[in-house]
Structures are given as C-alpha cells and as structure tokens.
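Structure, as structure tokens:
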Amino acid sequence: MTETITIKYEDLKKMTEVVNANDLKNTVEKLERLENEKAEHLEVLKDGYAEAKSKGYCTKTLKHILKLRKKDKAKIDEEDALLELYRGALDI
C-alpha cells in the first residue's frame, strides 16, 4: 500500500534551503557512475561464466566454489558435517 504525501510549496522552499544542492548533485553523479561501473562489471562477469561454460564447466558449481573460497576451512568443514548429517537423516 502506497501512502501519498502532500507538501506545501512554502514547506518545500524551506526544505530546499536545508539541502546542499551541490553535495546532492555530486552524490547522485557518483552513484550514477557506480551503477554504470556495476553494469560493466556484470557484463564482464557474464562473459566469464559464458567462457567457463564453453569449456565444459558447470557454472552453478563454479559459483558455489567461489562462495566456498570466501569462507575459512573450519566454517566449510562445519557446514559439510551438517549437510552430511541432514542428508543421512533424510536418506538422500
């Protein structure tokens, strides 16, 4: 559910005096640049996965490997032990 907010012109004028327009503009431009860089990086990443797939690698498994490489060995061992416990309990 969306709530409609009504602002009087006088209140808006007071609010604009509080906002640093130059700082706001710089912040918006910085965010725009970052969004563009993000889009470029996503495209490069997509190409990387396509290349891996063309070499016969399973991209789903590669993504899982990348997640594992961010974790320490003890955390991975703990998760593996729990996974084996649950798989055994469910006979899968």
Review point. Got at least one residue in region 6-20 being loosely packed, with under 10 Cβ neighbours inside 10 Å, among the hydroxyl-bearing types (Ser, Thr, Tyr) and not in a helix (DSSP H, G or I)?
Key: yes
Exercise for review: Provide a single number: the residues in region 68-92 that are part of a helix (DSSP H, G or I) and surrounded by 10 or more Cβ atoms within 10 Å (Cβ to Cβ).
Suggested key: 14
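All of the numbers you see were taken from the coordinates with simple rules; none came from a lab. Because the structure is predicted, anything quoted here is derived from the model rather than measured. Using ideal geometry, Cβ is built from the backbone for each residue, glycine included, and neighbour counts are taken over all protein chains shown.
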